[in-house]
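The values are calculated or read from the model by the stated rules, or taken from the named source; none is laboratory data. Remember, predicted model here, so these are calculated numbers, not experimental data. FYI the Cβ positions are ideal-geometry reconstructions off the backbone, even for glycines, and counts take in every protein chain you see.
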Amino acid sequence: MPRLTRFLRSVIPADPMQLIVLLGALALVGSIHASRLPKQLVDGLKYPAWSGSTYETVTAPLLALAAFLIMAAALTSYYVCLWAPKRPIMLVVAGVVLPVAISLCLVLYGAYRLAVPPPSFLSPPESFSTVFQWTVQNRLNLPAGFYLSFVGLCLLSFFLSRLAFGLSKIPLSVASPTPVDDQSIPWATVKTEIFLLIGPLFLVQHAVAIFLTRLYGRGVHDFYFDCAWDLFVVLTRSAVLLSVSLSLFGSRGWNLSKASLRWPKIRYILFGVLLPVAIAALISGGQFLVERAHWATGGFGKFDPPTLGSFLVFKNFYHPSLLLSFFEAFSEEIVFRGVFLALLIKRYHLHRGVFFTGLIWAAMHFPFEQYYALSVGGVLLHFAHRIAICIAMNYILAWMTLRWSSIIPAALAHSVSNILILAGVNMWWGDGRDLRVLFWAIFAYVLWRKWPIEATSGETGSEANFPTSLLHPEPKA
């Protein structure tokens, strides 16, 4: 326990209050794809024809503008976490507080115009007080996106007050032990890459996805066309991720990625393929045993006993698009376990480098996920699950990469895991997601405990078996 406490203390900011910025930025990112329409009010609309035209002409444009402002505020929050601008207070006010406040007003007015019946000739004219009264009356029926934006605004405003009084500072810096001061690491480039992965890269891919979706809607679709289209979209996203990521690091990034693609032994490849299969089998087997016990205690003689085959049903196992997950998995492994892992280990040593790689990997997924059907608590739980599964999986994938000096086993494990998820394995039961996190974490603990990566500098470790010769700068002519 003391060792775990020291590790946790070493991966949080030196000023723990800086976590408020991260939590505020996380709330803003979650609000981008959360619901922005008050479902309880929309379900009770009495004038569907009028509300439909109002949504197209008033509410939808306001919500789109509000989402754009939230995106800009979230990107500014990430920027503040990584860099120290000349006037941080003005940047936070102009880039975060004002855009979020304006977006909240737009969401409220759009919901008000959609939910309130059309005014009659004798109704009083619309004013700020009427909108405010309506907001107070329906404060518990507002959409989850509004609440998340409001929470993010409150957290960032609180940190702004500490920043104004000199109680906190930016950018974020981790607590002791201090990182290695190694000039061979392009730390400014690493921060730029982190910022692009968790922010602007989403906007680029989102814009490409919108263009491709509109282009897709104009074609004549059949099964083969849909498969070819899915392949085109996946390849485009993977190409954007690889080209943007590797081009920033120049020859260093390309050399690291090529070194990490060395061919491993066959048994390492089999381990990478079979590990996610074994985890899926354990989840299905555990669920089967629990249901069997429930049947034995309360349903014996009344119902048919559950069968193991019912827990191994694959919803979409035969769809060809499942194979496309290999492209996305390999591109992510090249970027995160091939390049980022080496650079972060070089700067923060072994265990903290692995942990930070998992956090960045999780943060990259946040903007691409949908939360429309979730409440505020559901969005927060989804974030917690994403962070937990990415950290647990990253420890195993990093262990494979460091121990075998290749990302190929990790990429295969990542790909097979994605295929099983897309095929619907273990998704028939509500606890499948939680058990998946649990088993990945157990396997990660066993691998690191029984076959640890050798460290060369005490507890903090080093790059271990990774091809670290590529991390050192080339000799000057």
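What single numbered condition from (1) assigned to a helix (DSSP H, G or I); (2) under 26 Å from the mean Cα position of the chain (by Cα) fails to hold for residue 84?
(1)
With respect to the numbered conditions (1) out of contact with any Leu (no Cβ under 7 Å at 6 or more places or on another chain); (2) modelled with pLDDT of 90 or more; (3) of a type in the set (A, V, I, L, M, F, W, C), which one is the sole condition not fulfilled by residue 146?
(1)
Quickly run through region 289-308 and pick out the residues that are in contact (Cβ under 8 Å) with a residue 12 or more places away in the chain and either on the phi > 0 side of the Ramachandran plot or in contact with a Ser or Thr (Cβ under 8 Å, 6 or more places away or on another chain) (or both).
Hit for region 289-308 is 308, nothing else.
Rundown of residues vs (1) at pLDDT 90 or above; (2) buried (at least 19 other Cβ atoms within 10 Å of the Cβ), yes/no style:
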| residue | (1), (2) |
| --- | --- |
| 391 | yes, yes |
| 402 | yes, yes |
| 434 | no, no |
| 446 | yes, no |
| 476 | no, no |
